[in-house]
Amino acid sequence: MPPTGVRASLRRIRALVRRYIYLLRSSGVRLVELIYWPFLQMLTWGFLQRYLSETTSPLAQAAGVLIGSVLLWDILFRSKIGFSTTFIEEMWSRNLGNLLISPLRPYELVAALSAWSVIRLSVSMVPVAVAAYFFFGFNLLDLGLPLVAFFAVLVLTSWSLGLISAGVILRYGLGAEELAWSLAFLLLPLCCVYYPVSVLPDWLKPIALALPPTHVFEGMRSILLHNTFDAKELWWAMGLNAVYLVAGYVTFSRFLASARVNGTLLRLGE
Amino acid sequence: MNERISGSSHQAGASVAEAAAPDTNVPVAVRDLTKVYGTITAVDHISFKLKQGATVALLGGNGAGKTTTIAMLLGLVMPTSGEVRVFGADMSKNRGAVAYRLNFQSPYVDLPARLTVRQNLTVYAGLYGIANAAERIAYIAEDLHIEPLLDRPTGKLSAGQKTRVGLAKALLNAPELLLLDEPTASLDPDTADWIRRKLREYAETRGATLLLASHNMAEVERLADRVILLHQGRIIEDETPAALIATHGRDTLEQVFLDVVRGRGKHAPEAADRGAASARKAS
């Protein structure tokens, strides 16, 4: 009997996640690198925050806005990178052909990449968040329960971006690898990480508000600066995420189908 | 003995009744298969079937369509037209239903270099849903003499060792259909011979069907009981190695191969014209 059903599917996802764990364990440098960049980011922005708080700007004196922005942005960015680089890794190692002829279904590959992006993110961000507390007295948990929702919104957005990058790389090969690295940065100015939506020109505001992370950064500023939180904004962000996630998966599936038609899968890793 | 069921590049091959009710016991049934990349026809209306337990070689020069045919059998490439059925499943639509019954080895597909051999095999055991994975890996490792390699990073192995490990991955799920793309490329004669012996042994004990694409004529003569000769995407011969050598009036398969790719002998253009003329006369 063919190994079908949810249990068989979960077993295949677990097998693939195990492969990513083996990979991370095989290299201490990779492990250090996971923490190194977000740690440097946090230090830089933390010291800037400290400097600004000693000046006269009343807004900058609001504790932790910059560090909070950096940490939340890093959740989005690291999760997206975790998804994309893990996928690219399969192509670098010329292993994708083996995976795609195995009983692994494309949605299981996506599920494994998504699960791994969260594990990788935890390895990366938990030590940095702890360090932010010890260096600057910023406690990410001060954001309270909304932090869980912020985290979920950002991770879901990162998966949508990861799916689009992976699809494009499948279709166009490693030549399109740059997209995997740069796609998240496209959001940096648009989703108002370090400034409120109100500073954007009117024509750009609808675009910014159509991006789920914008609602996260607005929500974070609202909590830290005004001690208020509008849950409606987060529901809106979640709804947008559902749309983007479906669009991301459809894009990935279409590009995979197109790669099968064009024979790109035969030339992977080149 | 010719184990072929049928084979043709110019006719549909399977009957309408067969197409309507695919036989889940037939390892491979290819019908009128074509693959076109832009203006290039890589595979041109080929049809053939493989019987259970057969070892069949796909032979042809570079660009003859061997790898594309294998890729379509694996579901890695979608046909432009025609049909590929593996154990009755249409590989364009329902690959997942039979993926656990087949496997593939090629020197052009790697296992992750940083993982140890044992880790790689453990991952694939999970993907193929193999119960008692540790025992199965131990058994395969002993059989293929890779026990000392199990805890070494796969990327640090020699070409011969990598081939044996690739074979271990390909045999992990004891596939009923094993597809091999140049299984002994870049191996020294001793290692290549050892691999061929193992493949033969596996096919016999498991009753598995083997389809291999190869440039190595000695390998094909030794392993295959049927040869499908491809030229410019078409099947031009489908015979036992002995019958192929005999009909071409040659001594070795290599000489037959050279005749075909250089357009000499039976497949020379003038010979084809003569054949057509005598056919017209006869009619």
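Could you report the buried accessible area between B and A, both sides summed, computed with a 1.4 Å probe and given in Å² to the nearest 100? Walk me through the numbers on the way to the answer.
On the way: alone 13370 and 13750 Å², together 24110 Å².
Counting both chains, the buried surface is close to 3000 Å².
Could you state the per residue volume, in Å³, of the convex hull enclosing the Cα atoms of segment B:185-241?
85 Å³
Extending 7 Å from Cα along the Cβ direction at A:Asn262 and again at B:Leu258 yields two label points whose distance is 4.1 nm. If every alpha-carbon in chain A counts as one equal scatterer, what log10 I(q)/I(0) does Debye give at q = 0.07 1/Å? Each listed q maps to, in turn, -0.27.
With a 1.4 Å probe and every protein chain kept in, tell me what percent of the accessible surface of chain B is carbon plus sulfur.
About 50 percent, which is the carbon plus sulfur part of the accessible surface.
Note on A:Lys205: aspartates and glutamates with a C-alpha under 16 Å away, same-chain residues under 8 apart excluded, are A:Glu218, A:Glu233. For chain A, the carbon plus sulfur part of the accessible surface works out to 69%, probe radius 1.4 Å.
Could you report segment A:171-270's accessible area per residue, 1.4 Å probe, as an integer in Å²? It amounts to 53 Å² per residue over segment A:171-270. The alpha carbon convex hull volume per residue for segment A:116-270 rounds to 137 Å³. Axis angle, to the nearest 10 degrees, between helix A:28-54 and the longest C-alpha principal axis of chain A: 20 degrees. Roughly how tilted is helix B:269-282, in degrees to the nearest 10 and between 0 and 90, from the longest Cα axis of chain B? The angle comes out at about 50 degrees. Relative to the longest principal axis of the Cα atoms of chain A, the long axis of helix A:231-262 makes an angle of roughly 30 degrees.
How compact is the protein assembly as shown by the rule of thumb for globular proteins, expressed as Cα Rg over 2.2 N^0.38 Å? All intermediate terms of the calculation are to be shown ahead of the outcome.
Details: Rg = 28.6 Å, N = 553, 2.2 N^0.38 = 24.2 Å.
Relative to the rule-of-thumb radius for its length, the protein assembly as shown sits at 1.18.
Rg then Dmax, both in Å and based on the Cα atoms of segment B:47-129: 14.9, 41. Amide H contacts under 5 Å for B:Thr240: B:Val227, restricted to partners 5 or more places along the chain or on a different chain, H placed in the peptide plane at 1.01 Å from N. Its Cα gyration tensor gives segment A:10-53 an equivalent ellipsoid. The semi-axes, each the square root of 5 times an eigenvalue, are 36, 13, 4 Å from largest down.
Between beta-carbons, use under 14 Å as the cut-off and find the net charge around B:Val86, counting Lys and Arg +1, Asp and Glu -1. Please report the intermediate quantities before stating the final value.
Details: positive: B:Arg31, B:Lys49, B:Lys51, B:Arg85, B:Lys93, B:Arg95, B:Arg101; negative: B:Asp23, B:Glu83, B:Asp90, B:Glu176.
Local charge sum for B:Val86: +3.
Every Cα-Cα pair of chain B was included, and the share exceeding 29 Å stands at 35 percent.
The values are calculated or read from the model by the stated rules, or taken from the named source; none is laboratory data. Please read all numbers here as calculations on a predicted model, not as lab measurements. Every residue, glycine as well, gets a Cβ built from its backbone with ideal geometry; the counts of neighbours run over all protein chains shown. Quick note on the areas: whole protein, heavy atoms, side chains included, nothing else; ligands and nucleic acids left out. Shrake-Rupley method; radii C 1.70, N 1.55, O 1.52, S 1.80 Å.
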